[in-house]
Amino acid sequence: MSYSPSLPICNSSHVTVIGAGRVGSTLAQRIVEKNLADVVLLDIVPGMPQGLALDLIEARGIEMHDRKIIGTNNYADTSGSEIVVITAGFPRKPGMSRDDLLLTNAKIVVEAAKNAIQYSPEAIFIIVTNPLDVMTYLAWQATGLPRERIMGMAGVLDSARFETFIALELGVAPKDVKAMVMGSHGDLMVPLPRYSTVNGVPITELLDGETIERLVKRTRNGGAEIVELMQTGGAFFAPASAACVMVESILHNQSRMLPAAALMQGEYGLNDVFIGVPCRLGCAGIEKIVELNLTDAELDELRISADNVRANTNRAQEILMAGV
């Protein structure tokens, strides 16, 4: 069962969002209202994606766009997508870490990836489900995609949070702040103050070390802070915006340098692990992984973060192989 408007739209980009929860539905809204692509919103709950699609369709005249939106429970409706974004899975609850979701979300992401690749074999995949770095690895294995065509959304969101806290601390316009956060999407992420600036001025020249460390800790705890405040769910506006930026850079071939979870094949001395690093994103997906000149201390933090992701990835693989 699916719902779509009767008027066809030709020669249009086509993005599938798997998971019609808060992140997925908000991402669908961002994509169509920015006029980036037509969207297929898929979920296993009967009627839910269809209702959300109809709601978004009814807003088209107000938002002044003509994008096609399909809500469906059938993967056949996702056929021919240029990009597939997987947001399906259970969200965090208060007191949970992203890694606590490992057992519940691994099967969901693998099944979604296998089903989606059957109908869109040329698609670029973006994984949003937590624990993000592990889920991206599992989706990569499930699809057999080359590494340039699969990535995780994390660094854009984590960097945006760091930028927000810097802007609030300094009382400056958020648009003037640019930050870089690498590593896993979790407590061991690696914010880089040396590569974080306000209109080109490094924050290390604007803030003392104690203040920077406080902002770094808040960034690492950014998702949990929202979960604790909301109690019944987690962040969705900012994650959807972060994923949308990646979708836009790929569809419009912007070649923007954005941090994303990518498969390491020797970069930063790392191998066979998905970890957040700066990437250039264009129509082919990850066009280039950018290797920053990190200090020994920064490299150590990145490798510790990668070791944690690798351990959780191995654990997830064992669970899936055991059929638990």
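The values are calculated or read from the model by the stated rules, or taken from the named source; none is laboratory data. Treat the numbers as computed from the prediction; the structure is a model and nothing was measured. Because the Cβ atoms are built from the backbone with ideal geometry, glycine has one as well, and the counts that use them run over all protein chains shown.
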Assess whether Thr143 counts as being touching a Lys or Arg at 6+ places or on another chain (Cβ under 8 Å), of a type in the set (Val, Ile, Thr) and modelled with pLDDT of 95 or more. yes
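If I ask for residues that are polar (S, T, N, Q) and either in contact with a Gly (Cβ under 7 Å, 6 or more places away or on another chain) or modelled with pLDDT under 95 (or both), which ones from the stretch 176-218 would you list? Steps first, answer last, please.
First, pick out the residues of the stretch 176-218 that are polar (S, T, N, Q): 184, 196-197, 199, 204, 211.
Hit for the stretch 176-218 is Ser184, nothing else.
Would you check if there is a residue in the stretch 159-174 being assigned by TED's automatic domain parsing to the domain that holds Lys288, aliphatic (A, V, I, L, M) and closer than 20 Å to Leu281 by Cα? Quick ask: steps written out before the conclusion?
Our first condition is that a residue be assigned by TED's automatic domain parsing to the domain that holds Lys288; within the stretch 159-174, this holds for 159-174.
Narrowing the set further to residues that are aliphatic (A, V, I, L, M) leaves 160, 166-168, 170, 172-173.
Adding the requirement that they be closer than 20 Å to Leu281 by Cα leaves 160.
Yes, the conditions are met somewhere in the stretch 159-174.
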Filtering helices (runs of 4 or more DSSP H) wholly in the stretch 208-288 for at least 1 residues that are surrounded by fewer than 14 Cβ atoms within 10 Å (Cβ to Cβ), of a type in the set (A, V, I, L, M, F, W, C) and touching a residue at least 12 places away in the same chain (Cβ under 8 Å) gives 237-251
Within the stretch 66-76, considering residues that are buried (at least 19 other Cβ atoms within 10 Å of the Cβ) and in contact (Cβ under 8 Å) with a residue 60 or more places away in the chain, the one farthest from Val45 (Cα to Cα): Lys68
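Could we say that Asn35 is closer than 22 Å to Asn253 by Cα, exposed (fewer than 15 other Cβ atoms within 10 Å of the Cβ) and at pLDDT 95 or above here?
Yes.
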Odd one out for Val309, checked against (1) outside any helix (DSSP H, G or I); (2) touching a residue at least 24 places away in the same chain (Cβ under 8 Å): (1)
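In the stretch 147-175, what count of residues is obtained for those that are assigned to a loop (DSSP other than H, G, I, E, B) and touching a helix residue (DSSP H, G or I) at 6+ places or on another chain (Cβ under 9 Å)? Before you say what the answer is, go through the steps one by one.
To start, the set of residues in the stretch 147-175 that are assigned to a loop (DSSP other than H, G, I, E, B) comprises 153-154, 171-173.
Checking which are touching a helix residue (DSSP H, G or I) at 6+ places or on another chain (Cβ under 9 Å) leaves us with 153-154, 172-173.
Of the residues in the stretch 147-175, 4 are assigned to a loop (DSSP other than H, G, I, E, B) and touching a helix residue (DSSP H, G or I) at 6+ places or on another chain (Cβ under 9 Å).
For Val109, state whether it is within 19 Å of Ala37 (Cβ to Cβ) and not basic (Lys, Arg).
On the way: within 19 Å of Ala37 (Cβ to Cβ): no; not basic (Lys, Arg): yes.
Against the criterion (within 19 Å of Ala37 (Cβ to Cβ) and not basic (Lys, Arg)), Val109 does not qualify.
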Is it fair to say Ser81 is in the same structural domain as Glu122 (by TED's automatic domain parsing) and at pLDDT below 95? no
